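First comes the structure, then the notes that go with it.
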Amino acid sequence: KIRKLIDLFKENVKELNNFEIIPSNGPIQCLIISGNDRVKSVAKSIQKAGYDVRAVLSPAVPKGRERLRICLHAFNTEEEVEGLVEAIKGFK
């Protein structure tokens, strides 16, 4: 089931041209969103929409490579994954 959810996320997130996607075949997926303030803001908005995502800030990662960390789980539904991508689509 988790493989199906990962594939679903990756297929849907490919449409997001405004963020760099860090290649991963595992359940942890990351999107580059440069700037500590910006990635924190995006994470907070998506959390308010009901999704548990985390901002990874510099200096933990190189400046300009801050990221949104997404962990997919086997208990997630396809609808949740699609909803998460829709929440991310709201940001440019």
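The values are calculated or read from the model by the stated rules, or taken from the named source; none is laboratory data. Keep in mind the model is a prediction, meaning the values are calculated, not measured. Positions of Cβ are backbone-derived with ideal geometry, glycine not excepted, and every protein chain shown enters the neighbour counts. The accessibility values were calculated without ligands, DNA or RNA, using every heavy atom of the protein model including side chains. Shrake-Rupley method; radii C 1.70, N 1.55, O 1.52, S 1.80 Å.
For the chain, just say rounded, prolate or oblate: build the C-alpha gyration tensor, square-root its eigenvalues into a ≥ b ≥ c, call rounded for a/c under 1.5, and beyond that prolate if a/b exceeds b/c, oblate if not.
prolate
Counting other C-beta atoms within 10 Å, and keeping those with at most 11, which DSSP coil GluC sites (Glu not before Pro) do you find in the stretch 1-69?
Glu15
If I compute solvent accessible area with a 1.4 Å probe over the protein chains, what percent of it on the stretch 40-92 is carbon and sulfur?
52
What FRET efficiency comes out for Lys44 versus Glu82 if R0 is 25 angstrom and r is the Cβ-Cβ distance? Round to the nearest 0.05.
Once the sixth-power term is evaluated, E becomes 0.75.
Ranked by accessible surface with a 1.4 Å probe, highest first, in what order do Ser58, Ser34 come?
The ordering from most to least exposed comes out as Ser34, Ser58.
Heavy atoms only, probe 1.4 angstrom, no DNA, RNA or ligands counted: give me Phe19, Phe91 ranked by accessible area, highest first.
Largest accessible area first, the list is Phe91, Phe19.
Dipole magnitude of the stretch 43-92 about its Cα centre, charges +1 at Lys/Arg Cβ and -1 at Asp/Glu Cβ only, in debye to the nearest 20?
Once rounded to the nearest 20, the dipole reads 520 debye.
To the nearest 20 debye, what charge dipole does the chain have about its Cα centre, counting +1 at the Cβ of each Lys and Arg and -1 at the Cβ of each Asp and Glu?
The dipole magnitude comes to about 400 debye.
If each of Phe75 and Asn12 carries a label point 7 Å out from its Cα toward its Cβ, how far apart are those two points in nm?
1.9
Can you put Lys10, Lys40, Lys4, Lys48 in order of accessible area, largest first, using a 1.4 Å probe?
Lys48, Lys4, Lys40, Lys10
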